[in-house]
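Data block below; observations after.
The values are calculated or read from the model by the stated rules, or taken from the named source; none is laboratory data. Keep in mind that this is a model prediction, so the values were computed, not measured. In this analysis, Cβ positions are derived from the backbone assuming ideal geometry, glycine residues included, and neighbour counts consider all displayed protein chains. For accessibility, only protein heavy atoms count, side chains too; no ligands or nucleic acids. Shrake-Rupley method; radii C 1.70, N 1.55, O 1.52, S 1.80 Å.
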Amino acid sequence: MRILSGIQPSGKPHLGNYFSMMKRMVEYQNENELFVFIASYHAMTTVQNQKELSDGIWNTVLDFLAIGIDPEKSVFWVQSDVPQVTELCWILSNFITVSQLELAHSYKDKIAQGIKPNGGLFFYPVLMAADILAFRTEKVPVGKDQKQHLEFTRDIAERFNRCYGEVFLLPEPDINEEVAIVPGIDGRKMSKSYKNAIYLFSDEKELRKQVMSIVTDSKGIDEPKDPDNSVLYHIYALFLNEEEKQILRDKFLTPGIGYGHIKQELYQKILDYFSDARKKRMELEKQKDYIIDILKEGAKKARSIAEEIMEEVRLKTGLKYDVR
Ligand code: ADP
Ligand code: TRP
């Protein structure tokens, strides 16, 4: 099956990104055709600083390789290295209405916060549709916040196909309900933009600070605690199997253990869990040429696949006017 997903290089990846998308992509790569890209153009809707964007791209590439994306098995590239996608984006923009785009949560949320969204942010779902449709993607692993974007993608593909015949496949969203929305340390959705994230590769001091800041209620050591309404429990449970989750539940329910103690355990767990990836990341940092080659190779493969479908699009739409 062909599986594709992308991540914006607008900051460091966090546990929400990891458990809802990145980890699953790595698991999928052995038995599927996996396409992974860094959504550099999407990030430009918010990151408009040269160093911040190029560092963001580079760091996100390193993070993905460190957690196990294998360029021998997967196609891995940076979005802006494949111009066919922006070409397709323009074409697809004619198959969605302005009023539908006005309903996008990503856009409405910005308006609600009093932010004046730029044109890129408004257009964001069309570019995402192009990312997906240009590769005849079957399945898209994402967090729940992207569900509506997938619905737009399917709508756009259906309208295009109705006009010109079956060119695009309708992709299925792949959302793991268990980790659909990972909470941040303040209990809201974990997000780079809320400053409430726990990052995969923070240094020890920073990580400790993030974990120790997870909100809890004021239950003392000698009181039973409620795991179901606890942000700490939900974050910790991401790292556990069913049996371990039961043990953690018991710790919450049995008096005698304080939140501070559980946070200390979680801190250690995160360090252990990512320790191999952390070492690999340090190695990768020294191999810039190798990584540039991987990205060049990935972009080349991605371009050739996207070009194939673009040729069909140009032909079927009449843009390819040479009818001699
Ligand atoms: P952010 O919202 O932090 O800027 P991105 O928009 O780059 O993150 O998201 C990359 C992927 O991670 C998407 O599939 C998105 O749905 C998922 N994701 C982001 N935050 C969370 C979260 N708190 N819980 C679950 N998935 C998330
Ligand atoms: N919009 C996604 C996010 O914020 C990133 C993204 C861009 C994406 N294009 C995509 C995800 C295509 C999946 C498929 O997380």
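Restricting attention to segment 12-42 and to residues that are basic (K, R) and in a helix (DSSP H, G or I), the residue that is nearest to ligand 2 (Cβ to nearest atom) turns out to be R24. Note on segment 162-262: enclosed helices (runs of 4 or more DSSP H) holding 1 or more residues that are touching a residue at least 40 places away in the same chain (Cβ under 8 Å) are 204-212, 231-237. When I198, I185, I175 are screened for being touching a Ser or Thr at 6+ places or on another chain (Cβ under 7 Å), more than 22 Å from L121 (Cα to Cα), within 14 Å of ligand 1 (Cβ to nearest atom) and of a type outside the set (K, R), only I185 passes.
Mind listing whichever residues of segment 72-88 are assigned to a helix (DSSP H, G or I) and touching a residue at least 60 places away in the same chain (Cβ under 8 Å)?
The answer is Q79, D81, Q84, V85, E87, L88.
If the requirement is being assigned to a helix (DSSP H, G or I), within 16 Å of ligand 2 (Cβ to nearest atom), assigned by TED's automatic domain parsing to the domain that holds M21 and open to solvent by 40 Å² or more (accessible area, probe 1.4 Å), which of these qualifies: R159, R154?
Answer to the check: R154.
Screening I115, I91, I69, I132 for residues that are aliphatic (A, V, I, L, M) and without any contact (Cβ under 8 Å) to a residue 12 or more places away in the chain leaves exactly one candidate, I115. When K147, K139, K192 are checked against the criterion of being open to solvent by less than 60 Å² (accessible area, probe 1.4 Å) and either at pLDDT below 95 or under 13 Å from the mean Cα position of the chain (by Cα) (or both), a single residue qualifies: K192.
Residues that are under 20 Å from K189 (Cβ atoms), out of contact with any Gly (no Cβ under 7 Å at 6 or more places or on another chain) and assigned to a helix (DSSP H, G or I) do not occur anywhere in segment 1-11.
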